[in-house]
Amino acid sequence: MKKAISLALALSLSSVLSTTAFAAAIEENGGKQDIGVKAKYIENIVTEKTIYADVVWGEMEFTYSVSGSKIWNVDEHDYDLESEGKWSASGNEISVTNHSNTPIAADVTYKPLAGYSEVTGKLTKESFELPSAEGKTYDDASLTETTELTLSGELSRDVTKMTKVGTATVTISESDGSSIVKEAATYAELKDAIAQGGSVKLTGDITLSSRINCKKDAVIDLDGHTITGQIMNNNSEVTVKNGKILNVDGTIMSQKGTTNLINCYMSTKATPVYVMGGTVNITDCTLINETGNYSLINNNGAVYISGTNSFTGEIYKSANKVINTNILAGTYNFDPTDFVDAENFTITQDGESWVVAAK
Amino acid sequence: MEKSEKQEKQRRLIIIALIIGMAVCMGVTIWALFFRNTQEQVLIPDYAPQAAEQNAEPLSDNGEKLDVPSGGGGISLEYDSSVNISLADKTAYLNYTHPGRSTQDIVLCIEINGEIVAQSGTIEPGNRLKKLALLDGAEKKLSEGTYTDADFRVLSYDPESGEKAMVDTVAKITVTVEK
């Protein structure tokens, strides 16, 4: 008991002392104590997807005009009708505009009402995708698509007033935008489009500020234009087609993935196509090494060449290593023997061309 | 003799019971095949309902009307593609806006697996809908879970004549049904 009381008194005394010492510290600072307060900013902003679209349609009035002639049938004492029906339309357009922060897909269908099943409808565009409105002006033309409804079939002669015969339905859904073909006129637009993946079409010649690295599946349609620079496939499915690629230090590099070169003209002072890995398919292409060295070096990938091809410069081959470069059916401006599977293909020289054909 | 009469009686009773049982089964089958109404179809009105949707909330939306061709029409639609349905209070919770720039009144339907489970009254441009009562009996056709074959069906009506437009708009949504 005495020990407990002694302990309690000792604790009380020590707590009073500490309070006194604390009070003494504030008194030394003139009654003020600065207490540091810290803060930091953490961002966790989730971008909500909002679908916002306009659907606009015309007056949707159609006229079925029948013209022809009645011919008297002497035998039947009646008329034979020779006629032809033709549809005309007024206000038959339906347009969809996307103002969402995500791409959308639209499907447009027509269904006749009961009683008018003989009148069928067709849309000039039944399905389309519209890109996200993000980064675009409100009236950007690429955000709108228009389709036209045409009717066919016969309409009963009893329908002499404008009568509802069917319904067009526009179905909107969120889309990943993969089938939208973006257009690129500048390096920034091209780089952006390739970074997003999907299809992109050039609207003019583009000089690259630096190498384009393809990290998502992409289709690059040069559409007759020229890229000055280098394109590398890091590990995707990439197709480059229909144009020229020019560059001093090589035009196409394959690290991994599958690269399809179709109808391309590539010219460089280095190796036009350099394959470190992955698969490269070359079809109907011209490869020019301006210094006369190798047109194609395949270090560790698989290369398949077909169609009509012209190579200035040899295809690299090694005496010590098996190179997986395969020349398939097509026409070539060089002797392809070293790369043709003689068991499955024949090679015929025709003047300055060599023709490889499947057996 | 008595025994055989008893047996005969029992046999007759069994036969009668079997005949009655067969008749009942056939009756049920005929009813199920020809008379049972498995789907109560909701008919789409040719003219806008007279009653306005009571759950519609007006917006302060004085935007310009859509530029539509003469005699035509147009609607804007803004929506969240996720909708929740509570079976307990027989209500769908959604976020659908019928912006003021639309030139048409609308009736908003929620369809699941091709069947309309909720249908609004008339909604004028410049209104938003955050909840919609299910149609009578619709809650019995639904069970807890997520329905991906679902959509908003937007029926457009001329605000002057009330006549239904020739163009419907359907927006794909996902519906989550809860108790």
Next item on the list: Inspect segment A:217-231 for any residue being crowded, with 18+ Cβ neighbours inside 10 Å and among the polar types (S, T, N, Q) and give the result as yes or no.
Entry: yes
Next item on the list: Answer with yes or no whether B:Asn127 is among the polar types (S, T, N, Q), closer than 16 Å to B:Pro49 by Cβ and touching an Asp or Glu at 6+ places or on another chain (Cβ under 9 Å).
Entry: yes
Item checked: Number of positions in segment B:98-114 that are assigned to a strand (DSSP E or B) and closer than 19 Å to B:Ala165 by Cβ -> 7
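How do the strands (runs of 3 or more DSSP E) wholly within segment A:151-214 filter down when requiring 2 or more residues that are within 14 Å of another protein chain (Cβ to nearest Cβ): which remain?
Working: elements: A:166-174, A:181-184, A:198-202, A:212-214.
Result: A:166-174.
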Item checked: Selection count where residues are part of a loop (DSSP other than H, G, I, E, B), open to solvent by 20 Å² or more (accessible area, probe 1.4 Å) and within 20 Å of A:Leu222 (Cα to Cα), scope segment A:250-285 -> 1
Next item on the list: Could you tell me whether any residue of segment B:84-98 is among the hydroxyl-bearing types (Ser, Thr, Tyr), more than 18 Å from the chain's Cα centre (by Cα) and open to solvent by 50 Å² or more (accessible area, probe 1.4 Å)?
Entry: no
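Hey, any hits in segment B:37-49 for a residue that's at pLDDT 85 or above and charged (D, E, K, R)? Walk me through it before giving the result.
Taking segment B:37-49 first, the residues at pLDDT 85 or above are none.
No, segment B:37-49 has no match at all.
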Margin query: Quick check on A:Ile288: is it modelled with pLDDT of 95 or more, of a type in the set (Val, Ile, Thr) and in contact with a Ser or Thr (Cβ under 6 Å, 6 or more places away or on another chain)?
Written below: yes
Note to self: Could you list, ordered by first residue, the pairs with Cβ atoms under 8 Å in which the first is in segment B:72-83 and within 7 Å of chain A (Cβ to nearest Cβ) and within 15 Å of B:Thr146 (Cβ to Cβ) and the second is surrounded by fewer than 23 Cβ atoms within 10 Å (Cβ to Cβ) and not hydrophobic (A, V, I, L, M, F, W, C), at least 6 apart or interchain?
What the structure shows: B:Ser81/A:Lys49; B:Ser81/A:Glu174; B:Ser81/B:Lys172; B:Ser81/B:Thr174
Notebook entry, point to check: Quick one: A:Lys321 ticks every box in (1) surrounded by 17 or more Cβ atoms within 10 Å (Cβ to Cβ); (2) modelled with pLDDT under 95; (3) not aromatic (Phe, Trp, Tyr) bar one, so which box is it?
Noted result: (1)
Item checked: Which listed residue is of a type in the set (Ser, Thr, Tyr) and buried (at least 16 other Cβ atoms within 10 Å of the Cβ), from A:Ser132, A:Ser142 -> A:Ser132
Checklist line | Residues of segment B:56-70 that turn out to be open to solvent by 60 Å² or more (accessible area, probe 1.4 Å) and either more than 7 Å from every other protein chain (Cβ to nearest Cβ) or within 31 Å of the chain's Cα centre (by Cα) (or both), as a count | finding: 7
Item checked: Single condition A:Met60 does not satisfy, out of (1) modelled with pLDDT under 85; (2) on the phi > 0 side of the Ramachandran plot -> (1)
Item checked: Evaluation of B:Ala138 against (1) surrounded by 15 or more Cβ atoms within 10 Å (Cβ to Cβ); (2) touching a residue at least 60 places away in the same chain (Cβ under 8 Å) (one fails), failing number -> (2)
Checklist line | Selected residue (only one of B:Ala150, B:Ala165 is more than 18 Å from B:Leu66 (Cβ to Cβ) and touching a residue at least 60 places away in the same chain (Cβ under 8 Å)) | finding: B:Ala150
Next item on the list: Give me a count of the residues in segment B:165-179 that are within 11 Å of chain A (Cβ to nearest Cβ), in a strand (DSSP E or B) and open to solvent by 20 Å² or more (accessible area, probe 1.4 Å).
Entry: 2
Checklist line | Checklist (1) surrounded by 12 or more Cβ atoms within 10 Å (Cβ to Cβ); (2) not in a loop (DSSP other than H, G, I, E, B) applied to A:Gln349, failing item | finding: (1)
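Scanning segment A:57-81 for residues that are charged (D, E, K, R) and more than 14 Å from chain B (Cβ to nearest Cβ), which turns out farthest from A:Leu151 (Cα to Cα)?
Initially, segment A:57-81 is screened for residues charged (D, E, K, R), giving A:59, A:61, A:70, A:75-76, A:78, A:80.
Pick out the ones that are also more than 14 Å from chain B (Cβ to nearest Cβ) and you get A:70, A:75-76, A:78, A:80.
Values: A:Lys70: 26, A:Asp75: 37, A:Glu76: 35, A:Asp78: 32, A:Asp80: 27 Å.
The residue in question is A:Asp75.
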Checklist line | First in segment A:187-198 and modelled with pLDDT under 95, second anywhere and open to solvent by 20 Å² or more (accessible area, probe 1.4 Å), Cβ under 6 Å, 6 or more apart | finding: A:Ala193/A:Lys182; A:Gly197/A:Lys216; A:Gly197/A:Asp217; A:Gly198/A:Ser178
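Quick one: is A:Thr97 within 11 Å of chain B (Cβ to nearest Cβ) and at pLDDT below 90? Spell out how you get there, then give the answer.
Working: within 11 Å of chain B (Cβ to nearest Cβ): yes; at pLDDT below 90: no.
The answer is no for A:Thr97.
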Margin query: I'm told A:Lys241 meets every condition in (1) surrounded by 19 or more Cβ atoms within 10 Å (Cβ to Cβ); (2) out of contact with any His (no Cβ under 6 Å at 6 or more places or on another chain) except one. Can you identify the failing condition by its number?
Written below: (1)
Margin query: What's the total number of residues in segment B:121-156 that are more than 13 Å from chain A (Cβ to nearest Cβ), of a type outside the set (D, E, K, R) and in a strand (DSSP E or B)?
Written below: 9
Checklist line | Hey, B:Pro49 within 11 Å of chain A (Cβ to nearest Cβ), part of a loop (DSSP other than H, G, I, E, B) and either under 18 Å from B:Ala165 (Cβ atoms) or in contact with an Asp or Glu (Cβ under 9 Å, 6 or more places away or on another chain) (or both) or not | finding: no
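The values are calculated or read from the model by the stated rules, or taken from the named source; none is laboratory data. These figures come from a predicted structure and were not determined experimentally. Reconstructed Cβ throughout: ideal geometry from the backbone, glycine too, with neighbour counts over all protein chains shown. In case anyone asks, the SASA skips ligands and DNA or RNA and just uses the protein heavy atoms, side chains included. Shrake-Rupley method; radii C 1.70, N 1.55, O 1.52, S 1.80 Å.
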